[in-house]
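Remarks on the structure that follows.
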Amino acid sequence: MKAALRLAGDEPGRIRIETVEEPRPHAGEVLLRVRACGVCRTDLHVVDGELPSHRERVVPGHQIVGDVVARAPDVRAPEIGARVGVSWMGGVDGTCPQCAAGRENLCDAPVFTGYDREGGYAEFATARADFTYPLAEALDDAHVAPLLCAGIIGFRALRVAGIEPGERVGLFGFGASAHIALQVLQAWGCDVCVATRGERHRAFARELGASWVGDALERPPAQLDRAVTFAPAGDVVVAALASLRKGGVVAINAIHLDRMPQFDYDSLLWGERQIRSVANMTRQDARDFLALAAKERVRVRATEFPLERASEALAAVRGDALDGSAVVLP
Ligand SMILES: [Zn+2]
Ligand SMILES: [Zn+2]
């Protein structure tokens, strides 16, 4: 099969399109014929070497939409022929203290798709059967793929922020994840303010119905109940904090921040304001979000790239050149 490969020794950013052996499902796994795979910023961290290599060779990609074409003998579900999704959480041990406490997103021994195990920039991929999600027919491949990480983890960020229906919520940064989160907030009757760099992103936020749109560090006209930051910049977290009412929460949806700047405790954090990070996702987050996305017909803006041009897709995300998401089609 054809696949995009990241080799540990290659220079940052390089992937190779090569013909490799088709994978076979091991115990507990299914084999998927990949229909589409969304490009996530975390793929860049893998391909650019910002996350240390866990393997000599890996196929990146962790927003996989595929058809089940084979199953290991011990697998009962999903059915052969089912269209399913696979996300960043490729598996957990199920036995560590975090898993035992129902916090599998914080598992001590997680396995990540497209990092610890082969991902979806390929014609075929295997996945743990219990880490696949059935997909409703309402959304086509290219428009459901970006829901699988950008969507699910953005949804988790809204949960971590503790958003209640009808609240005023700020989204700081407006890319693949935020443009989906905005639509979830609208479904919950929230008033959404968007602060982001770049006039094109601001126009996109206005088009999707944000009630106020401003520059990255600009303060919305009224205090926010909650905020979610998507930009990997500590200054943005402080700007979000400065926009909050007492008792408000900032959830940071970023796996990496450039730095955390010093800020004034008395005026910014006192008054029971909170800053929380958002780490990974649980399978329940995935199921709840995908059900909501199908019901609300969440619209994703997706730009498609054939597998041979996966490098261009990554470059477009790296250069912030797209509205919405990039999707690789094998
Ligand atoms: Zn665990
Ligand atoms: Zn991701």
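Each principal axis of the Cα atoms in segment 63-121 has its own extent, and those three values, largest first, are 36, 26, 16 angstrom. Using the Stokes-Einstein relation with a Kirkwood hydrodynamic radius computed over Cα pairs, the translational diffusion coefficient of segment 1-53 at 4 °C and a viscosity of 1.567 mPa s comes to 100 µm²/s. Averaging Cα coordinates gives a centre for segment 267-330 and one for segment 21-53; these two points are 16 Å apart.
Could you compute how fast the chain diffuses translationally, taking Rh as the Kirkwood radius over C-alpha pairs and applying Stokes-Einstein at 37 °C with viscosity 0.692 mPa s? Give it in µm² per second. Rounded, D is 164 µm²/s. Residue-normalised convex hull volume from the C-alpha trace of segment 198-330: 147 Å³ per residue. Taking Cα centre as origin and charging only the Cβ of basic (Lys, Arg, +1) and acidic (Asp, Glu, -1) residues, the dipole magnitude of the chain rounds to 440 debye.
If you count the DSSP beta bridges with both ends in segment 141-233, what percent of them are antiparallel, to the nearest 5? Antiparallel bridges make up about 0 percent of those DSSP assigns within segment 141-233. Beta-bridge orientation, the chain: approximately 55 percent antiparallel, per DSSP, counting only bridges with both partners inside. Working note: Cα atoms of segment 36-88, range along each principal axis, descending, whole Å: 38, 21, 13. Other residues lying with their Cβ under 13 Å from the Cβ of residue 236 contribute a combined charge of -1, Lys and Arg counting +1, Asp and Glu -1. Legend: residues 80, 163, sorted from most to least accessible area (1.4 Å probe; ligands, DNA and RNA excluded), read 80, 163.
With the cut-off at 1.5 for a/c, could you classify segment 1-127 from its C-alpha gyration tensor as rounded, prolate or oblate? Oblate is the answer for segment 1-127, as a/c is 1.5 or above yet b/c matches or exceeds a/b. For the chain, the carbon plus sulfur part of the accessible surface works out to 49%, probe radius 1.4 Å.
Of the whole protein surface, residue 2 contributes about 70 Å² of accessible area at a 1.4 Å probe radius. Taking amide H as placed 1.01 Å from N in the peptide plane, the amide H of residue 301 sits under 5 Å from that of 325, each at least 5 places away or on another chain.
Segment 94-125 and segment 189-227 have Cα centres lying 33 Å from one another.
Over the chain, accessible surface divided per residue gives 42 Å², non-protein components excluded, 1.4 Å probe.
Of all DSSP beta bridges confined to segment 15-149, the antiparallel ones make up roughly 95%.
Find out how many positive minus negative residues lie around residue 201, taking Lys and Arg as positive, Asp and Glu as negative, among other residues whose Cβ is under 14 Å from that of residue 201. Could you put the intermediate results ahead of the total?
Working: positive: 197, 200, 202, 206, 301; negative: 199, 207, 215, 218, 320, 323.
Counting the neighbours of residue 201, the net charge comes to -1.
Note on residue 315 and residue 268: with the Förster distance fixed at 41 Å, the Cβ-Cβ geometry gives a FRET efficiency of about 0.65.
The values are calculated or read from the model by the stated rules, or taken from the named source; none is laboratory data. As the structure is a computational prediction, the values presented were derived from the model and not from experiment. Don't worry about glycine lacking a Cβ; one is built from the backbone with ideal geometry, like all the others, and counts go over all protein chains shown. Ligands, DNA and RNA are stripped out before the accessible areas are found, and what is left, the full protein with its side chains, is counted by its heavy atoms. Shrake-Rupley method; radii C 1.70, N 1.55, O 1.52, S 1.80 Å.
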